[in-house]
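A.B. asks: Structure provided below as structure tokens; questions to follow.
Values in this text are rule-based calculations from the coordinates and carry no lab data. Just so it is clear, the structure is predicted and the values come from calculations on it, not from any experiment. Here the Cβ is made from the backbone with ideal geometry for all residues, glycine too, and neighbour counts use every protein chain on show.
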């Protein structure tokens, strides 16, 4: 990077604190820059999994209600609402990513 070495971080009790991002940790042996593993990708995958779990929960509750099992109607409706809101949020995130990608691709050309 710049060749500037930061002084060590010292905590209030006098112990040395490890620096989370140093040049050595941000570069792999070939010199390509890498980000901390899985932050954005993991968060996005967790959000998609969560929406899928909410939708499968709604399917299970609707199936149980249709088959005559004792299911509270308000639980079914609340699950449907949660699933709908989560799906709409994920859809809007997707739309924003697509818009950003289109703007970037237009600016390059």
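A.B. asks: In nm, give the distance between the simple-model label positions of residue 92 and residue 64, each being 7 Å from the Cα along the Cα-to-Cβ direction.
C.D. replies: Between residue 92 and residue 64, the simple spin-label model gives 3.0 nm.
A.B. asks: I need the peptides 39-48, 70-79, 52-61 ranked by packing, meaning the mean over residues of other C-beta atoms within 10 angstrom, with the highest value on top.
C.D. replies: Descending packing order for the listed peptides: 52-61, 70-79, 39-48.
A.B. asks: Under the Kirkwood approximation for Rh and a Cα-based Rg, what ratio Rg/Rh is obtained for the stretch 38-108? Before the final figure, lay out the partial values.
C.D. replies: Numbers: Rg = 16.9 Å, Rh = 14.2 Å.
Looking at the stretch 38-108, the ratio lands at 1.20.
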